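*Asks:* Encoded as structure tokens, here's the structure I'll be asking about.
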Amino acid sequence: MNLIAQYPQLKVLQELCRKSKTKIYLVGGFVRDYLLGHTKNDFDFAVERHALKLARSFANKIKGAYVLLDEERGCARVVKKETQRICTFDFADFRDKTLQKDLTLRDFTINTLVVDLLAIKSDGDLDDYVKDYKKGRKDLKTKRLRMVAKRAFRDDPLRMVRAFSLRASLGLSIARATLAQIKKDKDLLRDVSPERVRDELFKILATPRAAAILTEMDKIDLLEKIIPQIRVMNQCLQGGYHHLDVWPHSLETVVQMEGVLAQLKDQEVIEYIQEKLGGDRSRAALMKLAVLLHDIGKPATRKKENGRTSFHGHEHVGKEIVHHIAKMLKLSKHERHILEDMVRWHLRPGYLSNFKQPSEKAIYRYFRDTKEEAVSILLLSLADQRATRGPLTTEKDQEHHEKICLDLIQRYFDKKKEKPFIRLITGNDLIKRLKLKPSPLFGEILTKVEEEQSLGKLKTRDEAVDLAKRIAEQAKKKGGR
């Protein structure tokens, strides 16, 4: 790879460093990913001195955006938007006096591979310039993730979660000594900002290996350091429809969700789950988090009734718990509402599949209540059902459930192609034609009218007004009793 030819901005950076007689090294992810056969547009530079000044000068020269990341540690970012790509250039001062000492303070050996930027020629291949001081190439070749030093996780506890996100995204195995050190240092994670932990967690959730990685993190009690609320699901027994208790069932449902997502063929559904909801976080990743937490309300609602185990209302209790989890992880308001809706309504597809063919009214109300998350919840329900294989569960029931869910997914996208729904009447009609004063009754009337209109039972404005009048009169009679 001819780096300078592919990224001409780096020639500008070379010139700046030569003029200022500053040593600069390309380190970390770009070099690692290049040697793995991946090319990304994110660069990390270790700078001998004055990294902030260099970054600002570089931003001015290439007309990029300068972002101060950490003034105390001398860290800054330059972002350059181009027609086909966005390049980010991160600059940081040496963490110690020399490059060699700086590398000993890094996280993993595969991130210590380094290139002297000033040594690269315009016609040179990047591979010829890579220097390896910590056996990073060997670890890359054997796909092993190894800490640089025992102090790695004390210096930055987030690295413990990053070990698993790198394992998830690159298919690496974590060295035995590194895993043992994570077990020892895991309590230090409490000192890391929620935003940084969230970002690493979602890197894991975004991969097709999330279920296996979450299970590995759970085995060493690291997952509960990220989401302490999951502890309540341990040792919570379930009834005859389940072959697993609540927490192992939750992990198994993530396994099944990854299977469901891998089987998707319809482009509309694929685009739906790939939608970015917050930052770079996808709907599919958030769905896996919802799957992990969908039964978190069960321990608080577990009862024995006539010899049978019940969890009545666990979806509503769960919604309140995930509300706090979403806020703890600093998810966006939009993501939080999605997470809450998925947990709150996750039983509804199962109720619909209790019927040979659910009524049009029941289907309408499902789509009305779940709105944009209708498909997310149906996919969750598919995974949940596949993870439920107790003695009371039959193959026939599961097949019927899958058919109902898949049919409703198709109906959702078919309905999206229809003309926008226009109400026959609005609140203004209730005021002008029925002389009603604004009150909570408006919502009740308009909801009922919209439902009847959607089901084809109302065709005209006058019919809608007549129904509204009847509802208002019934409400008045009830109020007068």
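*Asks:* Classify the stretch 227-416 as rounded, prolate or oblate from the Cα gyration tensor: take a ≥ b ≥ c as the square roots of its eigenvalues, call it rounded if a/c is under 1.5, otherwise prolate when a/b beats b/c and oblate if not. It would help to have the intermediate numbers written out before the result.
*Replies:* Values: a/c = 1.58, a/b = 1.10, b/c = 1.44.
In terms of gyration-tensor shape, oblate.
*Asks:* Summing -39500 (n - 2.57) over the DSSP H runs of n ≥ 4 in the chain and dividing by its residue number, what mean residue ellipticity at 222 nm do you reach, to the nearest 500 deg cm²/dmol?
*Replies:* Numbers: 25 runs with 259 residues, N = 481.
Rounded to the nearest 500, the figure is -16000 deg cm²/dmol.
*Asks:* Which value results for Rg/Rh of the stretch 382-481 when Rg is the Cα radius of gyration and Rh the Kirkwood radius based on the inverse mean 1/r?
*Replies:* Details: Rg = 20.4 Å, Rh = 16.9 Å.
Across the stretch 382-481, the Cα-based Rg/Rh ratio is 1.21.
*Asks:* Moving to a separate point now. Over the residues of the stretch 427-480, compute the C-alpha Rg and express it relative to 2.2 N^0.38 Å. Kindly include the intermediate steps, with their values, before the conclusion.
*Replies:* Numbers: Rg = 10.8 Å, N = 54, 2.2 N^0.38 = 10.0 Å.
For the stretch 427-480, the normalised Cα radius of gyration is 1.07.
*Asks:* Here is the link list: 203/417; 101/184; 333/416; 319/457; 435/457. Which ones come out longer than 27 Å on Cα distance? It would help to have the intermediate numbers written out before the result.
*Replies:* On the way: 203/417 33 Å; 101/184 25 Å; 333/416 24 Å; 319/457 34 Å; 435/457 24 Å.
Table pairs above 27 Å Cα-Cα are 203/417; 319/457.
*Asks:* A further question on this structure: Check each of the GluC sites (Glu not before Pro) in the stretch 219-326 and keep only those in coil by DSSP with at most 16 other C-beta atoms within 10 angstrom; list them in order. Don't skip to the end; give the middle numbers.
*Replies:* Details: sites: 224, 252, 258, 268, 271, 275, 305, 315, 320; in loops: 275.
Within the stretch 219-326, the qualifying GluC sites (Glu not before Pro) (loop, at most 16 other Cβ atoms within 10 Å) are 275.
*Asks:* With Kirkwood's inverse mean 1/r over C-alpha pairs for Rh, give me the Rg to Rh ratio of the stretch 193-286, two decimals please.
*Replies:* Values: Rg = 14.8 Å, Rh = 14.7 Å.
In the stretch 193-286, Rg relative to Rh is 1.00.
*Asks:* Follow-up. Which residue, 35, 20, 51, has the largest displacement toward the positive end of the dipole of the stretch 1-142 when charges sit on each Cβ (Lys, Arg +1; Asp, Glu -1)?
*Replies:* Sorting the options by dipole projection puts first 20.
*Asks:* How would 58, 355 line up from fewest to most surrounding beta-carbon atoms within 10 angstrom? Before the final figure, lay out the partial values.
*Replies:* Values: 58 24, 355 11.
So the residues, fewest neighbours to most, are 355, 58.
*Asks:* Right, next: Sorted from largest down, what three extents in whole angstroms do the Cα atoms of the stretch 143-226 have along their principal axes?
*Replies:* Principal extents (largest minus smallest coordinate, Cα): 31, 28, 19 Å.
*Asks:* Under 5 Å between amide hydrogens, which residues at least 5 positions from residue 389 or on another chain qualify, with H placed 1.01 Å from N in the peptide plane?
*Replies:* 243, 244
*Asks:* Only counting other Cβ atoms within 10 Å, I'd like 310, 250, 57 sorted with the fewest neighbours first. Could you put the intermediate results ahead of the total?
*Replies:* On the way: 310 14, 250 24, 57 19.
In increasing order of surrounding Cβ atoms, one gets 310, 57, 250.
*Asks:* Taking every pair of distinct Cα atoms and averaging 1/r, then inverting, what Kirkwood hydrodynamic radius in Å comes out for the stretch 1-142? Don't skip to the end; give the middle numbers.
*Replies:* On the way: mean 1/r = 0.0656 Å⁻¹.
Evaluated on the stretch 1-142, it is 15.2 Å.
*Asks:* Still on this model: Using per-residue counts of other Cβ atoms within 10 Å, averaged over each peptide, order 395-403, 139-147 from highest down. Write down the numbers at each step before the final one.
*Replies:* Values: 395-403: 13.7, 139-147: 18.0.
Ranked by mean Cβ neighbours within 10 Å, highest first: 139-147, 395-403.
*Asks:* Moving on. So how do 317, 31, 148 line up by other beta-carbon neighbours within 10 Å, fewest first?
*Replies:* With the sparsest Cβ surroundings first, the list reads 317, 148, 31.
*Asks:* Rounded, prolate or oblate: which fits the stretch 255-366, taking a ≥ b ≥ c as square roots of the Cα gyration tensor eigenvalues, rounded meaning a/c under 1.5, else prolate when a/b beats b/c?
*Replies:* It is oblate, given that a/c is not under 1.5 and a/b is not larger than b/c.
*Asks:* Then there is this: What span do the alpha-carbon atoms of the chain cover on each of the three principal axes, reported in whole Å from largest to smallest?
*Replies:* 88, 56, 40
*Asks:* Listed highest first by mean packing, meaning other Cβ atoms within 10 Å per residue, what order do 356-369, 410-423, 11-24, 193-206 come in? If you can, show how the numbers build up before the last one.
*Replies:* Details: 356-369: 13.9, 410-423: 10.4, 11-24: 15.5, 193-206: 19.3.
Per-residue Cβ counts within 10 Å, averaged per peptide and sorted highest first, yield 193-206, 11-24, 356-369, 410-423.
*Asks:* For the stretch 312-435, state the average projected area of the convex hull of the C-alpha atoms over all orientations, rounded to one decimal in nm².
*Replies:* On the way: hull surface 43.9 nm².
Taking the Cα atoms of the stretch 312-435, their convex hull projects to 11.0 nm² on average.
*Asks:* Shifting gears a bit: Roughly how many debye, to the nearest 20, is the charge dipole of the chain about its Cα centre, given +1 on each Lys and Arg Cβ, -1 on each Asp and Glu Cβ, and no other charges? Working shown, then result.
*Replies:* Details: 95 positive and 69 negative charges, 187 e Å.
My answer is approximately 900 debye.
*Asks:* Still on this structure: In what sequence, highest mean first, do 69-77, 342-350 appear when ranked by Cβ atoms within 10 angstrom? Please report the intermediate quantities before stating the final value.
*Replies:* On the way: 69-77: 14.7, 342-350: 22.7.
So the peptides 69-77, 342-350, ranked by packing, come out 342-350, 69-77.
Bear in mind these aren't lab numbers, they're just calculated from the coordinates by the rules spelled out. All values derive from a computational prediction rather than experimental measurement. In this analysis, Cβ positions are derived from the backbone assuming ideal geometry, glycine residues included, and neighbour counts consider all displayed protein chains.
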